[in-house]
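First the structure, in the form of structure tokens, and then the observations on it.
Readers should treat all values here as calculations from the given coordinates under stated rules, not as data from a laboratory. What you see is a predicted model, and the numbers here were worked out from it, not measured in a lab. Here the Cβ is made from the backbone with ideal geometry for all residues, glycine too, and neighbour counts use every protein chain on show.
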Amino acid sequence: MTDTNEKKTLVYQSVFADIIRRQYSHQSIITEKMLIDKYNLSKSPVREALIQLCSDGILESLPRIGYRIIPLSMKDLSDALTLRLLIETKALEYSFPNINENKINTLKVLQQEKESIVDVKDVYVHWELNVRFHITLASFSNNKYFTQTLMSLMKTCFRGVYGYYENFWEEGDNKGNMPYHEMLIEALENRDLEESIKILKTDISDLKSYISLSLQSMGSI
């Protein structure tokens, strides 16, 4: 990766993280100069990062003004989670015969990382580990289109999880912290495809229910 690409990635990830953490409102105008000053970078990587954020449907360009967050509706999130359900279960079906001990151990390492940050109340940190687990599981299918599409869907879902995490942190709702990943790993170790798919479906469906509840009064994010 070139130095310019590394800087572009830094800006992209930082702006996206700030969007997830709601550091910007829908009325906020993000400008190149603002980010150049914030990250002490040249115009090129900043502009490339903003173009990529627009390409990914996260920002929209306002000519001669700057960039603004594209609102995300409950239907957008519901549609993304529905497609996740289809892609992830099908990827698991395809990959199941080839999921060996080494692959399961890879998932266990990710789960251990998740357990190590249980007391860290940062939405971005928790969701990033969740994404890594699901992308890794899908990657076992050796189908790049599964993983590429899933990564895009995860970015959409990412924007809906803030209220989801905030609710069970503030209200002590343990339903939001069900050990689905542990249960899935156990089912994979037991070579039980039916149970593995059932757990994966429940994991995604429960997230859909929680996000819908947390956004009912918001309309869009």
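With axes computed from alpha carbons, what is the tilt in degrees of helix 101-116 against the longest principal axis of the chain, rounded to the nearest 10 within 0 to 90?
Long axis of 101-116 versus the principal axis of the chain: about 60 degrees.
What's the extension gain from Ser42 to Ser14 if we count 0.36 nm per residue and subtract their Cα-Cα distance?
Working: separation 28, 0.36 × 28 = 10.08 nm, distance 1.57 nm.
Extending this stretch completely gives an extra 8.5 nm.
Counting only Cα, what are the radius of gyration and maximum Cα-Cα distance Dmax of region 3-69, in Å?
Gyration radius and largest Cα-Cα distance of region 3-69: 10.8, 32 Å.
Would you mind checking Lys38/Lys144; Lys43/Lys144; Lys114/Lys155 for any pair whose Cα atoms are more than 26 angstrom apart?
Lys38/Lys144; Lys43/Lys144
Neighbouring Cβ atoms within 10 Å as the yardstick, rank His26, His134, His126 fewest first.
His26, His126, His134
Please work out the Kirkwood hydrodynamic radius for the chain, using every pair of different C-alpha atoms, and report it in angstroms with one decimal place.
So the Kirkwood estimate lands at 18.7 Å.
If you count, for each residue, the other Cβ atoms within 10 Å and average over each peptide, how do 92-104, 45-57 line up from highest to lowest?
Put in order of decreasing packing, that is 45-57, 92-104.
Between Tyr24 and Asn105, what is 0.36 nm times their sequence separation minus the Cα-Cα distance? Round to one decimal in nm.
Full extension of this stretch gives 25.3 nm more.
If each residue of separation counts as 0.36 nm, what is the full-extension length gain between Asp119 and Glu32 once their alpha-carbon separation is subtracted?
27.8 nm
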